[in-house]
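Reading through the structure tokens given below for one structure.
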Amino acid sequence: MTLVFYRMKKIPVNYLNLFIYLLIIAVTLWIGYIMVYGKGGIVRRNELRKELAIISREIDELSSQKDKLQWEIEHLSNDERYIQGFAHDSGYRLEDEMIFKFIERDKLEGIR
């Protein structure tokens, strides 16, 4: 079996056509790069979508906290029993009230 090499016909290279093809390829690659990594590209949009989700969760948490604080302000302004309970929890007492503190026996023996 012998290999036969055929002489290829020499085709003249038209440099202008070659330049245009290379330019089209370069522009296409540049547009693709901008679409993926550019200012409004896919990567940036995904980052912004994640950031939007985080901010949305923070807004929900702050809104919930705001509602709780508004409820507490309303009750501290108008509800006498709530005010007394809040003061009692904060360590205040009525004039005729006595507070007893119970200490476990094990802790009491350690003090002696």
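The values are calculated or read from the model by the stated rules, or taken from the named source; none is laboratory data. Because the structure is predicted, anything quoted here is derived from the model rather than measured. Cβ: placed from backbone, ideal geometry, glycine included. Neighbour counts: every protein chain shown.
Please note which helices (runs of 4 or more DSSP H) are completely contained in segment 1-98 and include at least 3 residues that are at pLDDT 90 or above and surrounded by 10 or more Cβ atoms within 10 Å (Cβ to Cβ).
Working: elements: 15-37, 42-78, 80-89.
Of the helices (runs of 4 or more DSSP H) lying wholly inside segment 1-98, those with at least 3 residues that are at pLDDT 90 or above and surrounded by 10 or more Cβ atoms within 10 Å (Cβ to Cβ) span 15-37, 42-78.
Check whether at least one residue in segment 50-65 is within 24 Å of A87 (Cβ to Cβ) and over 14 Å from the mean Cα position of the chain (by Cα), and report yes or no.
yes
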